[in-house]
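Read the structure below first, then the notes.
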Amino acid sequence: TSPASGLGYIKQVEDKCAELGIGKIASVCGRFWSMDRDNRWERVSKAYYLLTGKSADFLASSAAEAVQHYYDNPLDDSRKGDEFVVPSWIVDDAGKPIATIENGDAVVFYNYRGDRPREITRAFIEDDFDEFERGEKLDLYYAGMTDYKKGMLDHIVFPRPPKMVNILGSYLADRGKTQFRCAETEKYPHVTFFFNDYREEPFPGEDRAMAPSPKVNTYDLAPEMSAEDVKEFTRKAILSKQYDFILVNFANPDMVGHTGSMEAVVRACEKVDNCLGQLLEAIDDVGGVAVVTADHGNCDQMWDPSVNGPHTAHTLNPVELVIYGKGCENLKLIDTDSRLADIAPTILTLLGMKQPEEMTGKSLIID
């Protein structure tokens, strides 16, 4: 979605509530505050205080007014659009919020991601929460759309399906292969928790390293992010020759792409290009093979002609997959469209391993 599409959705909800004669939007808040995943508790506290009636940064007569006001009055040039809408109450004629979360309420958290709902959920459900001055825990029936973390919630709308069998990480571990996973904070769950099918703990033989992401409001202010640290962790892992499979994520092109800043994106991509080059040199030194790809695009499109403004969302363009290493230039690859499910079978082919029947993808390498 475009960074200023929220107003249209807000109006649709308000119109439907008016049509049905039930329900009202009581507060508005951008995900910058409420959906943090990097321990920026000063942000999460503002969202919690908003929802529980302690404080708000702006008062409005409607949700649409709150969003439009922020469009017209952003905090700064790097924080424009829906993501950054300040915590805002919808108030009555007396200036009081029309509704807040109180003791005895039922709360249904509609977010279905596994990472971003965790911090604010902790503020609502933990008895001994101490990340900010919350006060006494509210007596609530708190339900999540899914299980954000194993054992976190008592009430789950849609429990997780059974664990997938023979995903890449478990398949390698069961056969005695060693693994190394590395990313900075923003993408660390993606190479561990998500990649391992929502499993928190490492598989046997799986080591991990995380580089802290820089503490800035938006990553156009630090487009290099922590790529240098990620590169160093990974380079040492490669040169150690201890691992059969290494998974590394560079967050820059995605996270900086979300800011809409072309100048910052250029710096981000230049940094990743430099770091990747050093990792490929290490691959050459040990005689390894690298598979370079992505699960979606972002900074490949920085302008949205439909809104005549910056494009800050993921793109739908096909992504490249490059297989690099000594002798790889002689590999024969299929020439048909491929999908993410094909990457794991391709890696197994490179490792000389048989593909398990549970993997529905196909190797991109023709034997």
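The values are calculated or read from the model by the stated rules, or taken from the named source; none is laboratory data. This structure is a prediction, so every number in the text was calculated from the model and none was measured. Positions of Cβ are generated from backbone atoms using ideal geometry, with glycine treated the same way; all protein chains shown enter the neighbour counts.
Remarks
- Counting the residues of segment 226-256 that are among the β-branched types (V, I, T), touching a Cys at 6+ places or on another chain (Cβ under 9 Å) and more than 30 Å from R79 (Cα to Cα) gives 2.
- Flag set for G144, criterion: under 21 Å from the mean Cα position of the chain (by Cα) and assigned by TED's automatic domain parsing to the domain that holds A47.
- Hits in segment 61-81 - residues which are within 18 Å of K96 (Cα to Cα) and free of Cβ contacts under 8 Å to residues at least 12 places away in the same chain: E65
- Residue that is surrounded by the fewest Cβ atoms within 10 Å (Cβ to Cβ) [pool: residues in segment 84-109 that are farther than 28 Å from H155 by Cβ and acidic (D, E)]: D93
- Residue count for segment 269-304, restricted to those that are touching a Ser or Thr at 6+ places or on another chain (Cβ under 8 Å) and part of a loop (DSSP other than H, G, I, E, B): 4.
- K46 within 17 Å of K96 (Cα to Cα) and among the basic types (K, R): no
- With respect to the stated conditions, F195 fails to be within 21 Å of P345 (Cβ to Cβ), in a strand (DSSP E or B) and of a type in the set (F, W, Y).
Matching residues to (1) of a type in the set (S, T, Y); (2) farther than 30 Å from P189 by Cβ:
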site	(1), (2)
G81	no, no
S88	yes, no
N103	no, yes
A106	no, no
Y110	yes, no
R122	no, no
I125	no, no
E133	no, no
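- When restricted to residues that are within 16 Å of the chain's Cα centre (by Cα) and either at positive phi or surrounded by 21 or more Cβ atoms within 10 Å (Cβ to Cβ) (or both), segment 17-33 contains 3.
- I167 being farther than 26 Å from N249 by Cα and among the β-branched types (V, I, T): no
- Being without any contact (Cβ under 8 Å) to a residue 60 or more places away in the chain, surrounded by 11 or more Cβ atoms within 10 Å (Cβ to Cβ) and outside any helix (DSSP H, G or I) is a property that V307 lacks.
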